[in-house]
Amino acid sequence: MTTTASAPVVRLAAVDKVFPTQSGDDTVALRGIDLDIHAGEFISLIGPSGCGKSTLLRIVGDLVQPTAGIVEVNGKSAHQARLDRDYGIVFQAPVLFDWRSVEANVRLPLEISGVSGAERDARITEMLELVELAAFRDHYPHQLSGGMQQRVAIARALALQPALLLMDEPFGALDEMTRERLNAEVLRIWRATGKTVIFVTHSIPEAVFLSTRVVVMSPRPGRISHVVDVDLPQPRTDDSRETDRYYDLVTEVREALRGRVGAGPGPAVASLERARAEGSFG
Amino acid sequence: MHDKDKERATPPDRLQEQADVADAGRVPMPYRALGPNSSAGSSRDRRSDPLADPEAGEIALDIGDAADDVAVHTVGGAEGVVGRWQTPAGRFARTALALAAFFLIAGFIWETLKWFGGTPWRFDNLLGSGIDYFHDPPFRVLQFSDRQLPHIWDILFELFEPFRRGSDQTLLEFLLGAALFTMRQAFIGFVLGALIGIGIASIFVHSVRSERTFMPYVVASQTIPIVALAPVIALAVGLGPTAVVIVATYLTFFPVTISQLRGLRSPDPRAMELMRSYGASRWDVYRKLRLPASVPFLFTALKVAATWAIIGAIIGEGPGGVGEGLGKAIISFSQQYITGPEKLWATILIASLVGIVAYLAVRAAEVLVLRNRPGANP
């Protein structure tokens, strides 16, 4: 994974995605997506349902083919990057294989890519320690809570040491407390590993807390309407959620989602936003 | 887009959580762990993270330890509700007890019919107690008479009589020998049928074209009555055990094909995407995802197939000209029905017990193989 400092990890240029429908009216899922993502960035894609953010993530992962446009990952085609196992992916559901123990689930990508022997064992141990589940090595998925299962999924995604981590609403099915806890954990893993992360979410607070940049999308057709740079200082802690800057950014993202960019909230709106910031969007 | 509302249900209280887990153990729905939109998937998603549990004390920064304690508690709590039946032995015992209960109920109905409509009951010196017992049923129904529906105890006593006049072999010994003979044929047919079924399903899952072309033939094969087909098979391969094995195979491969095809198709689309993201080959996807995912479906089919294989072997013995098995015993005892209906009923009883033994053998394998997949193991 040697890329020059200036080359983006992910380059999207004029990407369109059109789904043909039976009635003949094509559904334009994405239109004219331009986005460069650089090494070590944490990018959130946020937007209402149907804005194509999950589709965009899958296009980067070569799981969905774009109708038009250029998609490059690590300077290669997305297809080549997938074959080179340049990214790990985490879905909303953990999608663990329930016939495999925690350890065997993390071992799966290593088996397929032919990593074996001592290196494989070391990699599994390292990943389980990273997500703090080393004690649950021999447990089976049904013995774990939803949050723990999702941490196994993260360990599995990182097992091949990809430069890029794709996360599709990974904590959307979890309750708010667990979600905040796992947010902190994802940030810790991100700092420890230096991965580039693309993170799809419905939650404005989550997006602001985690990201270096929040990419706001709007639907019909799905397009990037706004990009918010999140300049909250690193490392972020639970205290970061209580700073004024955090509330300002949450407000900015919310305004962008409403298509009222630049209008700026009045004082009354700001305090309302502050109250709402605890909740999640949608 | 995923179905957000379903998956973002608020975490339920502990009781609800336990009920979900208990339900999960009962509902025969393989692959709950992978299905986001199945009721199973959401029931699991609804399980709250132990870290969010107020009883976990302060939300500790030490994630590992807190999770440790409460996860064990959650699992333990779930087992407290459904209890010992969730162990492999318990699951097996539950099946065996259900079958035993069936026999008891059937026997009870049987004797009740005779009580109201059978031949008069007459016991002299009942079980050596010196009591004489007589009961005159209020109705007379030909079908419930001792000629057609003998008392269960008469059937059981018959098992310990010589199986034919002058023989020193009891009926039970004779029938057990016949059962063993039939089971051997049935077992070979069962294994062959299962392998053929898995093979056909594996081809179909990789080629929609082959499925479209050949699935109609697979279905059509089962529309031919097996009693009509058995003599043809015997003519083709000659009289003997081979014909019997083929009949058993013929009945077995069909349920396995259908169920295995569903099983191989059962993985969550995201599990397939995951494998794709690893650059997995078709062979990797087959042996590391499709095949293990299909196992619960396979067992569902094998339980049906096991009893069908026995039936196939019994049916095949007549046209196959094989004289040592249960099929031949049924034919010869039905010819002696007028003089001794108990012999035929005893044979039917043993034949059904053989089917049950076959079923329970597969069930035992199922609970063992699926012991770590409670969601896929009813």
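A few notes on this one:
- Residue list for segment A:109-147, restricted to those being of a type in the set (A, V, I, L, M, F, W, C) and not in a helix (DSSP H, G or I): A:VAL115, A:VAL131, A:LEU133, A:LEU144
Quick grid of which residues meet (1) of a type in the set (Gly, Ala, Ser); (2) not in a helix (DSSP H, G or I):
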| residue | (1), (2) |
| --- | --- |
| B:ALA280 | yes, yes |
| B:LEU291 | no, no |
| B:GLY312 | yes, no |
| B:GLU324 | no, yes |
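- Test result for B:ARG165, basic (Lys, Arg) and assigned to a helix (DSSP H, G or I): no
- Among the candidates B:LEU326, B:LEU274, the residue that is within 14 Å of chain A (Cβ to nearest Cβ) and either buried (at least 23 other Cβ atoms within 10 Å of the Cβ) or within 22 Å of B:LEU239 (Cβ to Cβ) (or both) is uniquely B:LEU274.
- Taken together, the residues in segment A:154-166 that are at pLDDT 90 or above and facing chain B (nearest Cβ under 9 Å) amount to 3.
- Subset of segment A:126-135 that is in contact with a helix residue (DSSP H, G or I) (Cβ under 7 Å, 6 or more places away or on another chain) and over 18 Å from A:THR178 (Cα atoms) - its residue that is farthest from the other protein chains (Cβ to nearest Cβ): A:MET127
- Just one of (1) exposed (fewer than 10 other Cβ atoms within 10 Å of the Cβ); (2) in contact with a helix residue (DSSP H, G or I) (Cβ under 7 Å, 6 or more places away or on another chain) fails for B:ASP124. It is (2).
- Residue in segment A:216-239 that is touching a residue at least 12 places away in the same chain (Cβ under 8 Å), assigned to a helix (DSSP H, G or I) and closer than 25 Å to A:HIS38 by Cβ present: no
- Summed over segment A:101-125, the residues that are at the interface with chain B (Cβ under 8 Å from one of its Cβ atoms) and more than 24 Å from the chain's Cα centre (by Cα) give a count of 2.
- Residue check: B:PHE190 meets all listed conditions (1) among the aromatic types (Phe, Trp, Tyr); (2) exposed (fewer than 15 other Cβ atoms within 10 Å of the Cβ); (3) at pLDDT 85 or above but one, namely (2).
- Of the residues making up segment A:167-176, not a single one is in a helix (DSSP H, G or I) and more than 9 Å from chain B (Cβ to nearest Cβ).
- Residues in segment B:325-378 that are among the hydroxyl-bearing types (Ser, Thr, Tyr) and over 15 Å from B:ALA186 (Cα atoms): B:SER332, B:SER334, B:TYR337, B:THR339, B:THR347.
- Residues satisfying the stated conditions in segment B:120-159, i.e. part of a loop (DSSP other than H, G, I, E, B) and closer than 16 Å to B:THR339 by Cα: B:SER145, B:ASP146, B:ARG147, B:GLN148, B:LEU149, B:PRO150, B:HIS151, B:LEU159
Table: residues versus (1) away from chain B (no Cβ under 13 Å); (2) under 22 Å from A:ASP248 (Cα atoms); (3) acidic (Asp, Glu); (4) under 12 Å from the mean Cα position of the chain (by Cα).
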{"site": "A:ARG179", "(1), (2), (3), (4)": "no, yes, no, no"}
{"site": "A:GLU185", "(1), (2), (3), (4)": "no, no, yes, no"}
{"site": "A:ARG188", "(1), (2), (3), (4)": "no, no, no, no"}
{"site": "A:VAL197", "(1), (2), (3), (4)": "yes, no, no, yes"}
{"site": "A:VAL216", "(1), (2), (3), (4)": "yes, yes, no, no"}
{"site": "A:GLY222", "(1), (2), (3), (4)": "no, no, no, no"}
{"site": "A:VAL228", "(1), (2), (3), (4)": "yes, yes, no, no"}
{"site": "A:PRO235", "(1), (2), (3), (4)": "yes, yes, no, no"}
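- Here B:PRO267 passes the criteria (1) in contact (Cβ under 8 Å) with a residue 60 or more places away in the chain; (2) assigned to a helix (DSSP H, G or I) except the one numbered (2).
- The sole residue among B:LYS303, B:LYS343 that is touching a residue at least 60 places away in the same chain (Cβ under 8 Å), assigned to a helix (DSSP H, G or I), away from chain A (no Cβ under 14 Å) and over 14 Å from the mean Cα position of the chain (by Cα) is B:LYS343.
- Of residues in segment A:75-100 being at the interface with another protein chain (Cβ under 7 Å from one of its Cβ atoms) and more than 22 Å from the chain's Cα centre (by Cα), the one surrounded by the most Cβ atoms within 10 Å (Cβ to Cβ): A:ASP98
- If you go through segment B:146-182 and pick out every residue that is among the small types (Gly, Ala, Ser) and at pLDDT 90 or above, you end up with 3.
- Some residue of segment A:31-41 being small (Gly, Ala, Ser), in contact (Cβ under 8 Å) with a residue 12 or more places away in the chain and crowded, with 20+ Cβ neighbours inside 10 Å: no
- Taken residue by residue, segment A:177-194 has no member that is part of a loop (DSSP other than H, G, I, E, B) and not small (Gly, Ala, Ser).
The values are calculated or read from the model by the stated rules, or taken from the named source; none is laboratory data. Keep in mind it's a predicted model, so treat the numbers as computed, not measured. Please note: Cβ atoms are built from the backbone with ideal geometry, for glycine as well, and neighbour counts cover all protein chains shown.
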